[in-house]
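Notes for the one structure printed next.
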Amino acid sequence: MDPKKYPNVTVMDHPLIQHKISILRDVGTGAKEFRELVKELAMLMAYEATRDFQLAETTVTTPLVETSTYVLAGKKVAVIPILRAGLGMVDGILELLPAAKVGHVGLYRDPETLKPVEYYCKLPEDINERDVLIVDPMLATGGSASAAIEFLQARGATSVKLLVLIAAPEGIEEVVKSCDNVHIYACAVDSHLNSHGYIVPGLGDAGDRLFGTK
Ligand code: PRP
Ligand code: URA
């Protein structure tokens, strides 16, 4: 990804992330390990995606002296998983941001049209005042993520970040084209989509691998 062409896309190529993504891709990785890896990767991603959070100066008394220091002072956070695979990323983020509220957007991709179909939505009431982290392991055609972003922006969310584990170039292109004011974080950008809309090489169906449904 050329950062000049895509200033709002961050590919997180940290060695720990690349190592964990490799195990996640492996067809031999079972549901338990898959879930653990998704959680760990989400936590590592949250570390990077919160880099621009605001701080305020304060003082603290150490066992030795009083000193000035910093604490988080910006907006509160909302984590919004796109159901169902996004659920796997929530706990990792909450370990770093335990005060965050969690909203849910239920979307599934129609297997024929590949278009997102909405079936559930429950958001924190003050979503317009929060930094919003939308989470979903896979960004394929970009239809689900774009629909979720538009949905949240229509409800007043102004600070929106999208955290995905694996993205297809087609999905990034779609979100960049159809959504304003969103930053995308991905652990990997893969080669392409196949004729069924699956990311290649990818990791298969993230929801099925998380929940053992296939
Ligand atoms: C997967 C994935 C994304 C979506 C990505 O969900 O978790 O939400 O597909 O595809 P897109 O970029 O082409 O929209 P899926 O629809 O399989 O539902 P699930 O999470 O319930 O398995
Ligand atoms: N959804 C998935 O779970 N995997 C893909 O490769 C594409 C969409």
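Below, the figures for the structure above:
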{"item": "Unique residue being modelled with pLDDT of 95 or more, closer than 27 Å to residue 170 by Cβ and part of a loop (DSSP other than H, G, I, E, B) when the list is 79, 27", "result": "27"}
{"item": "Helices (runs of 4 or more DSSP H) completely within segment 142-214 that count 2 or more residues being of a type in the set (S, T, N, Q)", "result": "143-154"}
{"item": "Segment 10-24, residues that are over 16 Å from residue 209 (Cα atoms), open to solvent by 40 Å² or more (accessible area, probe 1.4 Å) and outside any loop (DSSP other than H, G, I, E, B)", "result": "11, 15, 16, 18, 19"}
{"item": "Scope segment 99-129; condition open to solvent by 70 Å² or more (accessible area, probe 1.4 Å), outside any strand (DSSP E or B) and not hydrophobic (A, V, I, L, M, F, W, C); matching residues", "result": "111, 112, 113, 115, 125, 128, 129"}
{"item": "Hits in segment 180-205 - residues which are under 18 Å from residue 14 (Cβ atoms) and of a type in the set (A, V, I, L, M, F, W, C)", "result": "184, 186, 187, 188, 189"}
{"item": "Yes/no for residue 130 being away from ligand 2 (no atom under 14 Å from the Cβ), among the charged types (D, E, K, R), in contact (Cβ under 8 Å) with a residue 12 or more places away in the chain and touching a Pro at 6+ places or on another chain (Cβ under 9 Å)", "result": "yes"}
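The values are calculated or read from the model by the stated rules, or taken from the named source; none is laboratory data. Because the structure is a prediction, the values reported are computed rather than measured. Positions of Cβ are backbone-derived with ideal geometry, glycine not excepted, and every protein chain shown enters the neighbour counts. Remember, those area values only see protein heavy atoms, side chains included, never the ligands or the DNA or RNA. Shrake-Rupley method; radii C 1.70, N 1.55, O 1.52, S 1.80 Å.
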